[in-house]
1. Can you tell me which residues in segment B:56-69 are surrounded by fewer than 17 Cβ atoms within 10 Å (Cβ to Cβ) and more than 15 Å from residue B:27 (Cβ to Cβ)?
2. Would you confirm, using the coordinates I've provided, whether residue A:261 is farther than 23 Å from residue C:29 by Cβ and either in contact with a strand residue (DSSP E or B) (Cβ under 8 Å, 6 or more places away or on another chain) or buried (at least 23 other Cβ atoms within 10 Å of the Cβ) (or both)?
3. Could you count how many residues in segment C:236-249 are in contact (Cβ under 8 Å) with a residue 40 or more places away in the chain and surrounded by fewer than 18 Cβ atoms within 10 Å (Cβ to Cβ)?
4. Looking at segment A:152-164, which of the residues that are in contact (Cβ under 8 Å) with a residue 24 or more places away in the chain and crowded, with 24+ Cβ neighbours inside 10 Å is farthest from the other protein chains (Cβ to nearest Cβ)?
5. Could you tell me which of the residues C:199, C:148, C:182 is within 18 Å of residue B:101 (Cα to Cα) and in a helix (DSSP H, G or I)?
6. So which residues in segment B:80-106 are more than 17 Å from residue B:194 (Cα to Cα), touching a strand residue (DSSP E or B) at 6+ places or on another chain (Cβ under 8 Å) and either without any contact (Cβ under 8 Å) to a residue 24 or more places away in the chain or facing another protein chain (nearest Cβ under 7 Å) (or both)?
7. Can you tell which of B:40, B:45, B:29, B:22 is out of contact with any helix residue (DSSP H, G or I) (no Cβ under 7 Å at 6 or more places or on another chain), over 30 Å from residue B:183 (Cβ atoms) and surrounded by fewer than 20 Cβ atoms within 10 Å (Cβ to Cβ)?
8. Is it the case that segment B:107-121 has a residue that's within 9 Å of another protein chain (Cβ to nearest Cβ), under 24 Å from the mean Cα position of the chain (by Cα), under 25 Å from residue B:177 (Cα atoms) and surrounded by 17 or more Cβ atoms within 10 Å (Cβ to Cβ)?
């Protein structure tokens, strides 16, 4: 589109008889940034494919064998090294890890979120907390878990604490943004009536943003379920993720991975459906 | 006057028990300004959308320009839609594009897929767009993004997009329902102008009786999916308004008297 | 009446809290979480971190090698996100209620995306490891599948949110399907989509570290190597480098978001 425009405008320079041409695209900052972002990403992607470490891999063959694996996984799943009840129990262990992490994270995040909301404290406190939280978020969860594992040993304690770190940072961002969206008038009205900070928080701020807080927290629970599986696999946190890791790395049993994947998928899709339903209900109630 | 649009025995059923339109009949002549009035939920919007088949009617016959709209194939349907401009209550512009780009969108129906995808417009098309925008008083806003305009200006862009199609007829779905009285008047004046000077037939859904009476050559009153009035605005009576609006009519009747008096 | 209202409210809160308490206790038992150890290990971890977990002068000699791995990880994340986004755009257009071709293809494409989204990247990594081994492609495809699933859902929501009205308007002018997609749907949803893509790149860099740990590639593997051999000074340098990279990308994408939206 652009090239064509330029072509016609070049033609006009050569031919003075042509009438002034009407351009239709306008170059705004937004369109320039959009275009350059897309171009840079495309170039980096192309470069990435050239720089990949392929390790003499036959890509076609590997893709075919992956298809065969996926077929075996999903069409012929079985449990061999674990029983059905064991797998089910482990799913609940993973859910338990996700729950504890979300709960601890939410409690801490509400307090930090209040302090991080610019309209409830001041700009300096807010910036400090937001910066601190951004720093925590920048470290991948698995690294937090492994770092804590040095002090607490591998297991549920290190996993929950490490994962809580990340939940806190995620929820503080989400909560403080919800608080900041709060109508200024509500706080003003209570201030005018002589209420103190805590009274304003408990009688105005939290009740009016409760629906947002709940839906963000539930979303984080969904994420934490996935994270807990990954931590089971990568950081020995137990649960269904660890079983998956064993099936993959020790028993090399693709069909068992398939069975476990079905367990995980079932729970994850149930959680997603619950979240969607939950959101709809909150929306209706909110109106 | 030749008849441009004919609607015969048209019904529309949503699901199994909600009847939006039942046995609707009317005709519109070339160049006429026709208002469809009625309470909200009466089926005005559905009726309008059945004409250009944005919604498929369940039964009946719609003839536009001597062509039966109801059994057109996809390709012919697109062709006939290029001859019918449509204007919406919420303007339905692409907010992030400029006014002129939105206007030129009216030409997409006549373009090949490739030209449409790439957005290639000829010099004449662009000149015509500028001309139309000038007529509608939007000269200063040609390169503004649509979301920077006021409601009335957005609706004028909507009209420009319809006009560039060179339509035989305009379908206007509640064009002034989201506008302040001043902008509403500007829009209605433009529509009347278009009908008078360009000879384009205008079919407009309104819920304001006074506006309809003031601007139209003909009024079609719809209630519960049925046509309950079809005739000139001059002959409309209190009883007619009562039939169109049912129990909501009480506060409207007063207006009718006022309009007739002036 | 009024007393009743407050009583009811109190009772609801109370029952909610007791259910929460019961589930918490159940979760603590089932995960064998040691509460006392949990609290006591936090100061211990901080103390240990301050004593051991910081880069030293000599660990800096490893910096070029670490940066090399970091760039590899960044490129894998970006490539997986962009290619995932292209496929996601296709599925989102087919899956969105505004732009779908018909209801059947709509549900199929959304169903496929749901499955891909709900299998975690860690699981994908373990599955792909069988065929792709320790090459970059294991990580690439794991992130690609995850990004595809997530972005499809995000893009469907974006399309439904921003382009309903203008799609109807262009249909009414008689415009063809592809003209409508390219002239209305894409221009109106592109900025929002770019914002999602940038978010996905940030997420993928963190996930790439995890995948690296599991599959033995990229920056995650580098961390694991020094961590397992108790070389905490180099391991901490890896963490510092990751933090710097993620904060850098976050600030770039914040800039783009502000300019674009």
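Derivation of every value follows stated rules applied to the coordinates shown; laboratory data play no part. Please read all numbers here as calculations on a predicted model, not as lab measurements. Using ideal geometry, Cβ is built from the backbone for each residue, glycine included, and neighbour counts are taken over all protein chains shown.
1. Result: B:56, B:58, B:59.
2. yes
3. Total satisfying the criteria: 1.
4. A:163
5. Within the list C:199, C:148, C:182, the selection yields C:182.
6. Within segment B:80-106, B:95, B:96, B:97, B:98 meet the criteria.
7. Exactly one of B:40, B:45, B:29, B:22 is out of contact with any helix residue (DSSP H, G or I) (no Cβ under 7 Å at 6 or more places or on another chain), over 30 Å from residue B:183 (Cβ atoms) and surrounded by fewer than 20 Cβ atoms within 10 Å (Cβ to Cβ), namely B:22.
8. There is no residue in segment B:107-121 that is within 9 Å of another protein chain (Cβ to nearest Cβ), under 24 Å from the mean Cα position of the chain (by Cα), under 25 Å from residue B:177 (Cα atoms) and surrounded by 17 or more Cβ atoms within 10 Å (Cβ to Cβ).
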